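The values are calculated or read from the model by the stated rules, or taken from the named source; none is laboratory data. Predicted, not measured: the structure shown is a model, and the values here were computed from it. With ideal geometry, Cβ positions are generated from the backbone for all residues, glycine too; neighbour counts draw on all protein chains shown. Note: areas computed on protein heavy atoms with side chains; ligands, DNA, RNA excluded. Shrake-Rupley method; radii C 1.70, N 1.55, O 1.52, S 1.80 Å.
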Amino acid sequence: IICCMVSFFSCTNSKTETENSENKEVQKLDGLLHDYYEDRLKLFPVEATSLGDNRYNDIYLNTISQACLKELNQFYTTYKTKLEAYDRAGLSEKDKMNYDVLLWECNIGMEANQFKDYLMPVNQVNANHLSIPPMAEGNGIQPFVTVKDYDNWLKRLDGYLVWLDTAMANMRIGMKQGYVIPKYLALKTVSQFEAFDHGTAENHMFYKPIKKMPESFSKEDKERLSKAYADMVLNKIEPAYKRMKEFLVKEYIPNCTDKAAITATTLGRPYYDHLVKYHTTSTLTAEQIFDIGEKEVARISAEMEKVKTEVGFTGDLKSFFKYVREKKELMPFNTAEEVLASFENMHQRMKPNLMKLFSQTPKTKFEVRRVPAFMEKTAAANYLPGTNDGSRPGIFYVPIPD
């Protein structure tokens with residue numbers, strides 16, 4: 001995300017005409033950055049919600065539809081054209097950085113649109129069906145404070161259900177054209193949908209906000225919302241998740257590849273190179289990055305050898321890893337709560353030392369939470385930033401499958 005920091009300039013009579021002209025150019029660039037940020041939030045409404053911007057809380061764009069993909073490409077193309085009208089050489093160092101970041105955003109966005117990864121919208125780690133349930137619980141990024149908040153979520157879920165239908169249609173096209181994920185990964189997604197395709201409305205995760213309704217809501221609103229959420233669970237969410245689960249099992253997985261490589265799909269090596277660029281923001285090739293990785297593995301392995309010697313272990317590193325994993329003294333936890341408490345203890349030890357290491361420290365509160373059960377087997381520990389206004393804490397999610 002490009003965070004626009006608008007600069008303010010105080011003009012005095014002593015300023016030359018050239019300086020005033022330069023200031024106007026900077027202000028124009030600030031305006032462009034501001035417009036980009038605002039227009040981008042309209043195309044990424046869930047991201048806006050995550051930032052605490054509640055203007056688009058009822059919208060869930062069908063980002064894998066042809067119409068949305070076309071609009072997104074036009075967005076990046078338009079802002080790149082506007083940006084290139086500026087003379088970069090005449091900008092300050094700060095504004096050159098702003099210029100370069102925005103140009104990179106536009107270029108990488110336009111490049112991404114060349115690939116048909118929208119035909120592979122479901123995977124076991126990073127897909128929309130994994131981000132929605134934590135929002136549905138009522139204690140994630142989607143706010144559930146007012147009656148409007150509750151109505152917003154119902155509208156947003158309708159948009160998400162359209163996305164699910166489009167995902168299935170796109171995956172059918174992908175099966176025919178060679179855009180499929182590895183079979184062993186597709187198998188992991190089945191349980192993620194199965195977790196929400198059955199059960200009573202009252203016991204369903206998507207019904208949880210109803211159990212947390214503020215007492216200030218009127219009786220009429222409580223009854224209306226309770227009925228609407230039950231209907232949403234039983235007649236929309238569960239059938240949609242069941243359709244996707246059955247599609248995965250009966251159609252998709254039998255047509256998936258046994259090869260675990262992007263280059264084994266129609267996306268090929270160009271897409272792999274694009275992802276390397278996207279995730280590193282560098283011009284290094286995959287081979288160069290792999291070389292760095294090999295050198296790091298060698299360095300870290302040497303450090304591990306030292307530790308192995310220090311503790312008196314005589315076998316090889318592989319045996320040492322097994323020894324460490326199975327040593328009872330290194331497994332002090334019996335419950336998930338103890339694991340969470342241990343992480344919170346780390347946090348409390350860190351807090352007084354942050355000021356010693358950093359000139360700025362977070363104003364937002366911080367919490368440690370367990371990863372939702374439906375995705376715990378495939379999730380890694382991850383962090384969800386808090387909102388800019390501090391209304392939602394930063395959350396460190398810990399998977400505790402065992």
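Numbers for the structure displayed
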item	result
Cα gyration tensor category, rounded, prolate or oblate, for region 157-316 with a/c compared to 1.5	prolate
Accessible-area composition of region 169-295, carbon plus sulfur, in percent [1.4 Å probe]	55
Theoretical gain in end-to-end length, Glu246 to Lys155 [0.36 nm per residue, Cα-Cα removed]	30.2 nm
Proximal lysines relative to Lys318, as straight alpha-carbon distance under 26 Å, when same-chain residues fewer than 8 apart are discounted	Lys295, Lys306, Lys308, Lys327, Lys328, Lys377
Answer label, with volume of the Cα convex hull per residue in Å³ calculated from the coordinates and candidates (1) 200; (2) 152; (3) 220	(3)
Unsatisfied cross-links (Cα-Cα over 29 Å) in the set Lys188/Lys363; Lys236/Lys365; Lys42/Lys176; Lys42/Lys236; Lys212/Lys356	Lys188/Lys363; Lys236/Lys365; Lys42/Lys176; Lys212/Lys356
Distance (nanometres) between label positions extended 7 Å along Cα→Cβ at Glu71 and Ala85	2.3
Prolate/oblate/rounded call for region 91-239, Cα gyration tensor, a/c under 1.5 rounded	oblate
Relative contact order [Cα under 8 Å, 6+ residues apart], the chain, whole percent	15
For region 80-117 and region 168-183, distance of Cα centres in Å	33
Candidate residues Asp151, Asp87: accessible-area rank, largest first, probe 1.4 Å	Asp87, Asp151
Listed residues Val162, Val145, Val297, most fluctuating in the chain (Gaussian network, C-alpha, under 10 Å)	Val297
Solvent-accessible surface (1.4 angstrom probe) belonging to Arg55, in square angstrom, nearest 10	120
DSSP bridge pairs, the chain: antiparallel proportion in percent, nearest 5	35
